[in-house]
1. Check 349, 331 and return the single one that is in contact with a His (Cβ under 6 Å, 6 or more places away or on another chain), at pLDDT 95 or above and under 29 Å from residue 249 (Cα atoms).
2. Any residue at all in the range 211-221 that is part of a strand (DSSP E or B), surrounded by fewer than 23 Cβ atoms within 10 Å (Cβ to Cβ), aromatic (Phe, Trp, Tyr) and on the phi < 0 side of the Ramachandran plot?
3. Select, from 276, 230, the only residue that is of a type in the set (D, E, K, R), surrounded by 23 or more Cβ atoms within 10 Å (Cβ to Cβ) and within 22 Å of residue 382 (Cβ to Cβ).
4. Please tell me if residue 198 is touching a strand residue (DSSP E or B) at 6+ places or on another chain (Cβ under 6 Å), in a strand (DSSP E or B) and within 13 Å of residue 183 (Cβ to Cβ).
5. Please specify each residue of the range 227-250 satisfying the condition of being of a type outside the set (D, E, K, R) and in contact with a strand residue (DSSP E or B) (Cβ under 6 Å, 6 or more places away or on another chain).
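The values are calculated or read from the model by the stated rules, or taken from the named source; none is laboratory data. None of the values given here were measured: they were computed from a predicted structure. Ideal geometry is used to build each Cβ from the backbone, glycine not excepted, and the neighbour counts take in all protein chains shown.
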Amino acid sequence: MRHTSLCLATLLTACGGDPVTGTSATETGTGASTSGDNPTTAGPTTPTSTTANTATDVSGTVGQTDSATTDTPQTSTTAATTDASTSMPVQTDTSVADTTTTVGDTTTGSTSGDASTGGDASTGFVDACPCPDLEVALDDGIFVLSITAQLWKYFPETNMFQQLGPLGCGLPPTTFSMAVDRTGYAWVQYQGGELRKVAVTNVDDCTDPGYVVGQQGVTNFGMAFVSNSESDACDRIYGNKASGIPEGNAISDFFSIDPMTLQVGVIGKSDYGTAEVTGTGDGRAFFFAGQNPAKLVEIDKATAAKLNVIPLPGVELGNAWAFAFFAGDFYFFTNSKGGPGSEVTHIDYDDSDNNGKQDITEVVANAPISIVGAGVSTCAPTAPQ
């Protein structure tokens with residue numbers, strides 16, 4: 001998500017070889033944030049084990065039969081930012097030495113798109129929403145969206161970033177938020193509220209799903225795909241209206257979007273007007289929201305009620321922010337304190353180190369892009385791997 005210059009504090013707002021950066025691309029972006037996307041990283045690094053993650057073949061399409069459109073690179077006449085990358089396979093390691101803050105104890109129907117049926121023929125079980133096997137995997141990382149409409153992927157295991165490329169949607173590159181479905185599409189929201197579907201295997205495959213902007217008074221919103229339940233993997237978009245007020249009593253609306261009609265249905269009032277949303281494959285929904293400090297909030301997706309609130313000391317939303325759930329933990333993307341990109345903060349939500357605490361750790365000091373959207377497919381793991 002991102003701030004805009006027209007309102008108070010408007011919300012801006014997924015197994016394979018070594019992550020590599022893609023071909024270079026020039027982006028131009030608008031909005032109040034003046035930070036540029038720069039693939040040259042800064043700051044100390046923490047060596048991590050190298051995994052094999054590649055997605056250099058982006059010629060395919062996935063999931064659905066929508067016709068693709070190929071557009072020329074997007075340009076804008078306002079503040080320019082540049083994502084420079086090399087055509088050679090290069091690893092982008094932006095990790096930093098862990099700085100840890102301990103917080104609290106750990107005691108604490110529908111499908112997203114066209115998916116082929118799967119399951120176990122021997123038992124008669126049919127999986128209504130199977131996870132496809134794609135060239136760009138949905139279960140090994142988090143997809144992130146730059147402020148200038150480029151799609152990248154972040155790998156939590158190595159703290160590395162991989163560029164997938166600039167979106168071929170033919171719209172001004174002023175992106176706001178993003179969600180990723182379990183069929184392999186990133187649903188990208190632009191500053192004007194437009195939604196576009198982009199294949200993660202081919203960022204030039206961008207289609208208009210037919211969502212009508214302005215329903216129920218909603219233009220921009222934080223968004224995520226959330227599975228129906230632990231036993232029902234089919235998912236849909238849940239959103240929180242960007243009202244521009246960070247925190248207060250019933251200042252926003254929490255809603256879902258029907259996956260078939262793309263109609264907005266308000267579920268209840270929200271106390272957070274600049275909240276990003278993430279979801280899980282077992283049916284839980286969360287906000288990254290609030291101020292002084294920011295907070296991780298679990299939301300009852302059936303009623304919009306707050307189930308749990310965890311303060312995040314030292315974490316601020318800033319001018320561009322996003323977050324996602326992956327393998328039992330959360331990753332927050334906020335303005336870097338030492339450069340034009342984003343920093344990445346991790347919370348050990350499931351206490352996987354068994355120290356009885358939910359430790360907060362900065363794991364990347366300055367990512368190669370300024371991140372306004374993060375999306376993880378509900379095919380991604382919900383427990384540590």
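1. Being in contact with a His (Cβ under 6 Å, 6 or more places away or on another chain), at pLDDT 95 or above and under 29 Å from residue 249 (Cα atoms) holds for just one of 349, 331, which is 331.
2. no
3. On inspection, the qualifying residue turns out to be 276.
4. When the stated conditions are applied, residue 198 passes them.
5. 227, 233, 237, 238, 239, 240, 242, 243, 250, listed by residue number.
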